[in-house]
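Structure first, commentary second.
Values in this text are rule-based calculations from the coordinates and carry no lab data. The structure presented is a predicted model; accordingly, all values stated were derived computationally and were not measured. Cβ: placed from backbone, ideal geometry, glycine included. Neighbour counts: every protein chain shown.
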Amino acid sequence: MTVLWVFLFIITITLRAMEQAVMWSKTGAEAFKWNEHILMILSRGMIILMPLLAFFAQSVLSYVAAVIAFLPMFFFVHNGVYYETRKHIDGAYPKGFFDKSTSSSAKLPTLSFIPRLLLFLLGVALIFIYYLFIKN
C-alpha cells in the first residue's frame, strides 16, 4: 500500500508542478494547446482521493510511511516536472527536468539535479526499509 501512496503523491505533485509552471510562466490559457483546467481538476481530485483511500483502507501506518518516504522525493519530482513544463511553455529552463532555478523566490534552496536525485533515492530506500523491517 505504501508504494501506491508514493505513486499517488508523485501524480499529485506532478499535476501541481505543471499548474505552477503555467502560473509562473504568466501565459495562462496560452500555455498549452489543450485546456489547462484539466490539470486543476485532476490535481484537486487527487487531493480529495488520497484521504478517502486512507480512510477506507484503514492503513494509517502505510500512509504515514509513504509521507515520510515521499518528503525527500518531493524536490526531484516537483522541480523536475516544473522545469520540464516551463521548457515546453516558454523555454525558461532549456535543460528541462535537469535544470536548476536561478530566480526562485522559494524559501527553501533550489537544488540541482544530482542532489534532487540523491534525495529521491533516499525516499526509495526508506520505502525498502519500511517493507523489510517495519511492515512485517
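On the basis of the beta-carbon distance and an R0 of 22 Å, Leu121 and Leu61 show a calculated FRET efficiency of 0.45.
Rounded to the nearest 20 debye, the dipole size of the range 10-136 about its Cα centre is 160 debye, using +1 on the Cβ of Lys and Arg and -1 on the Cβ of Asp and Glu.
Look at (i) 179; (ii) 105; (iii) 117: the one that is volume of the Cα convex hull per residue in Å³ derived from this structure is (ii). The count of lysine pairs in the chain whose Cα atoms are under 16 Å apart, excluding pairs fewer than 8 places apart on the same chain, comes to 4. By other beta-carbon atoms within 10 Å, ranking Met40, Met73 with the fewest at the front produces Met40, Met73. As a proxy for reagent exposure, ranking Met23, Met46 by other Cβ atoms within 10 Å from fewest up yields Met23, Met46.
Compute the long axis of helix 113-129 from its Cα atoms, compare it with the longest principal axis of the Cα atoms of the chain, and write down the angle in degrees, 0 to 90, nearest 10. Helix 113-129 and the main axis of the chain meet at about 20 degrees. A crude spin-label estimate for the pair Ile41 and Ile134, with each label 7 Å from Cα along the Cβ direction, gives 3.6 nm. Over all other residues within a Cβ to Cβ distance under 11 Å of Phe98, the charged ones net out to +2, with Lys and Arg as +1 and Asp and Glu as -1.
Local charge sum around Phe32 (other residues, Cβ-Cβ under 15 Å, Lys/Arg +1, Asp/Glu -1)?
Computed value for this residue: -1.
Fewest neighbouring Cβ atoms within 10 Å first, the residues Asp99, Asp90 line up as Asp90, Asp99.
As I understand it, the dipole of the chain uses +1 on the Cβ of Lys and Arg and -1 on the Cβ of Asp and Glu, about the Cα centre. Which of Phe98, Leu111, Ile10 lies farthest toward its positive end? With unit charges placed on the Cβ atoms, the residue in question is Leu111. Rounded to the nearest 10 degrees, the angle from helix 2-25 to the longest Cα principal axis of the chain is 20 degrees.
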